[in-house]
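Since the structure comes first, as structure tokens, the remarks are kept for the end.
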Amino acid sequence: MKLRLVATMVLGVAVLTGCSDSPKLAGSAVVVNGKIILASEVSERVDKVRAQIQVTDPALITEVPSLIQINQRAVDHFVLVSLLEEVVAREGINITDLDVTAYKEEVFAQYAKETIEAQLASQNAVPADDIDGFMYEILVQRALMDKLAPGADRQTRTQALFDYLTILSTELNVELNPRFGKWDPTNLISTPGDESLAVPLPISLG
């Protein structure tokens, strides 16, 4: 299963504060439409993911991510959440806790809970305590696709979603602290910052 920033309808699928030339980026990881995501918030998420991977059954992890990959995916998460907050406000989308619970139970009925948690942690930097948040993000994207391309095929719907978020991320001026890389709106992902973080996690799979 491979889920990245744009999570489609099916679930088959940096940590340095440093300094910055821009005062508003000092101590931050990301700024989206003036909203600051602190480096400490990214660091906390990365620490949770690393700790979870270290105690996860190795048989459930297809590939151990590098530290820089976890950082990048954590940053992408915070950007996506900020974009979807704007989507919800603009499009009047309402996803309830009951909707999230029902969808999560549907997913867990199709795939083992332990497998889902392992895959989301290792591939998407989603810690176990944010599974509901991840499910919510998918449902918001589904709802947006319904608005953008009602009745269309999956590829058309996904492309419409991608185009919408690309334009929105540019409009809202997603800005990363240089230590965390740069935002690539054409691919809706961050590009790595400090390459010294590109090392495998010290986890034994034996």
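Taken together, the values in this text are just the output of simple stated rules run on the coordinates, not laboratory data. Since the model is a prediction, treat every value here as computed from it, not as a measurement. No Cβ is skipped: glycine too gets one built from the backbone with ideal geometry, and neighbour counts run over all protein chains shown.
Tabulated data for the structure shown
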item	result
Local net charge near Arg45, Cβ-Cβ under 12 Å (Lys/Arg +1, Asp/Glu -1)	-3
Burial ordering of Leu144, Leu172, fewest other beta-carbon atoms within 10 Å first	Leu172, Leu144
For Ile189, residues with placed amide H under 5 Å, excluding near neighbours	Asp184
Qualifying GluC sites (Glu not before Pro) for segment 63-110 [loop in DSSP, other Cβ within 10 Å: at most 10]	Glu63
Taking segment 23-197 and dividing mean pair separation by its residue count, relative contact order in percent (alpha carbons under 8 Å, at least six apart)	30 percent
Stretch gain in nm, segment Ala59-Asp146, where the contour uses 0.36 nm per residue and the Cα spacing is subtracted	27.6 nm
Ascending count of other beta-carbon atoms within 10 Å, so fewest first, for Val126, Val55, Val75	Val55, Val126, Val75
From phi via Karplus (6.51, -1.76, 1.60), per-residue ³J(HN,Hα) for segment 59-65 in Hz, x at Gly/Pro	5, 8, 10, 6, 7, 7, x
Charge tally in the Cβ shell below 12 Å around Leu139, where Lys, Arg are +1 and Asp, Glu are -1, Leu139 excluded	-4
Inter-part distance where segment 84-111 and segment 146-181 are each reduced to a Cα centre, Å	18 Å
